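Just so you know, all these numbers are worked out from the coordinates, no wet-lab data involved. Just so we're clear, the structure is a prediction, and the values are computed from it rather than from any experiment. Because the Cβ atoms are built from the backbone with ideal geometry, glycine has one as well, and the counts that use them run over all protein chains shown.
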Amino acid sequence: MPATIRDPLAALLSSDRVAVIDGGLATQLEAQGNDLADRLWSARLLVEDPDEIMRAHLAYFRAGARIAITASYQATFEGFAARGIDHQAAADLMRRSVDLALEARRRFVAEQAPVDPGPLLVAASVGPYGAMLADGSEYRGRYGRSMAELRDFHRERMAVLASTGADLLACETIPELEEGIALVELLDELEAVGWLSFTCADGGRLRSGRPAVEAFALAGRSERVLAVGVNCTAPEHVDELVERAASVTQKPIVVYPNSGEGWDPEAREWIGRPGVRVEPDAAQRWVEAGARLVGGCCRVLPADIAPLAAFFRG
């Protein structure tokens, strides 16, 4: 890798065989008593109660997470504008999402002193175009937008997030190949680094229906893509998806599935019952298949992350 491209995951993975990511930030915020029934979802608290976000990040660090993903998933200029928040204020809120995770990291390190907890990263979340629509489109894809339109949508907020103290960008819950391509191109354009994480319908297909291996192969298009994998996907599909990713890339594979329940965008609630859970036995299988970064997404709490962290600390 050229010296001009920094890889914050390298130091983390050189010290940890498996790096544990946090769980569902919104899930923990709800557990703390916050109502997120809103089009802005967790980004609403960037405006109304940012300390709650910091508390949620701190809960995951205390559970053993090594990577915190920020509350910027649904933080977009368009979404904030619909709430009457102007352009500059929206950019400031995006920066605030990173500052809150950095403050949680600072507090956690202070709590551990004089013991050094080792590398701890902050990944600035870049949610998909569908998250801005707030209608469940991130679980369908096929937006009807060109790659140029998707690049235009993501460009400025990625630039804002890349200019902060975040260690990398988490381009996550991507449902379609075209959006993945647009995000890879923007990582190069902005000279930023990050991971690509797709949401999948089953063990072989993205939510949009395209083969998942085509998406995983995007990791080879740019050295600025530091890792590739899946999130917000039912845990029972992860074993097969990790194997598919490992067949087309040598880069670290990242997996942070949800609980296996489904999201009803009209009722704004989770439905169905979880099957395979995010737990040490399942995570060990994912690691044996090739995963290096493991955590949880929606409906995965600090109480679920703690056993993973303890297990991989060995």
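Some notes on this structure:
- Residue-averaged 222 nm ellipticity for the chain, from DSSP H runs of 4+ at -39500 (n - 2.57), nearest 500: -13000 deg cm²/dmol
- Derived scalar couplings ³J(HN,Hα) [segment 189-204; Karplus, 6.51 cos²θ - 1.76 cosθ + 1.60; whole Hz; x for Gly, Pro]: 4, 8, 6, 9, 10, x, 10, 10, 9, 9, 9, 10, 7, 7, x, x
- Distance between the pseudo-spin-label points of D135 and I5 (7 Å out from Cα toward the beta carbon): 3.7 nm.
- Considering only the Cα atoms of the chain, their convex hull presents on average a projected area of 14.5 nm².
- Divided by 2.2 N^0.38 Å, where N counts the residues, the Cα radius of gyration of segment 136-180 comes to 1.26.
- Local net charge near L183, Cβ-Cβ under 12 Å (Lys/Arg +1, Asp/Glu -1): -2
- Normalised by the number of residues in the chain, the mean separation of alpha-carbon contacts (under 8 Å, six or more apart) gives a relative contact order of 20 percent.
- Karplus-derived 3J(HN,Hα) values for segment 305-313, using 6.51 cos²θ - 1.76 cosθ + 1.60 with θ = phi - 60°, are 6, 4, x, 5, 4, 5, 5, 7, 5 Hz; glycine and proline are entered as x.
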